[in-house]
Amino acid sequence: MTRPENPNDPKERAIDLLTGLDRVRREHGTVTVSCQFECASDGTFGGRWRGVRLRDLLGSAPPETTHVRAVSTDGYCAPVALADALDTVVAVDRLDAPNEGLPRLVGEGLDSTETVRGLDRLEPVALPPDADPEPTAIDGSDPTDAEE
């Protein structure tokens, strides 16, 4: 791992676990998962995906990691506790529908707010034991407050 030029810049300090996606796919292969999720709007969605296990990507994460911050290309950011994330998959293929919104974090241990689509980065973070972080936009705003 190289040293960041500006260690005070959070973007330079962050480790992006997605950079190891191709290597992990070659070394560990892929798995297939089927998941159903309940949306906050009372709907459901689900499907079958193929991808790599998040636990296989965590090899480069620091030992103090408690959560993984999943950041999408549109700025949505969901912190996922490692206890919930170990059996999740970074999906690179959708098997029962068009391949839209990939890569995507999916798995039975996640709720619908944590199934981040269009993953741009996966960052290991260490939070205090009593932390209960909520999904946000990357700028810190509440994504449910966005104007339509």
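Nothing in this text is a laboratory measurement; each read-out follows from the coordinates by a stated rule. Being a predicted model, the structure only gives us computed values, none of them experimental. Counting neighbours? That spans all protein chains shown, and the Cβs are built from the backbone with ideal geometry, glycine included.
Side notes on the structure shown:
- Restricting region 35-54 to residues that are touching a helix residue (DSSP H, G or I) at 6+ places or on another chain (Cβ under 8 Å) and not in a strand (DSSP E or B), the residue that is nearest to L18 (Cα to Cα): L54
- Against the numbered list (1) crowded, with 20+ Cβ neighbours inside 10 Å; (2) hydrophobic (A, V, I, L, M, F, W, C); (3) in a loop (DSSP other than H, G, I, E, B), L127 comes up short only at (1).
- Exactly one residue out of D96, D120, D111 is farther than 17 Å from C39 by Cα and over 10 Å from the mean Cα position of the chain (by Cα), and it is D96.
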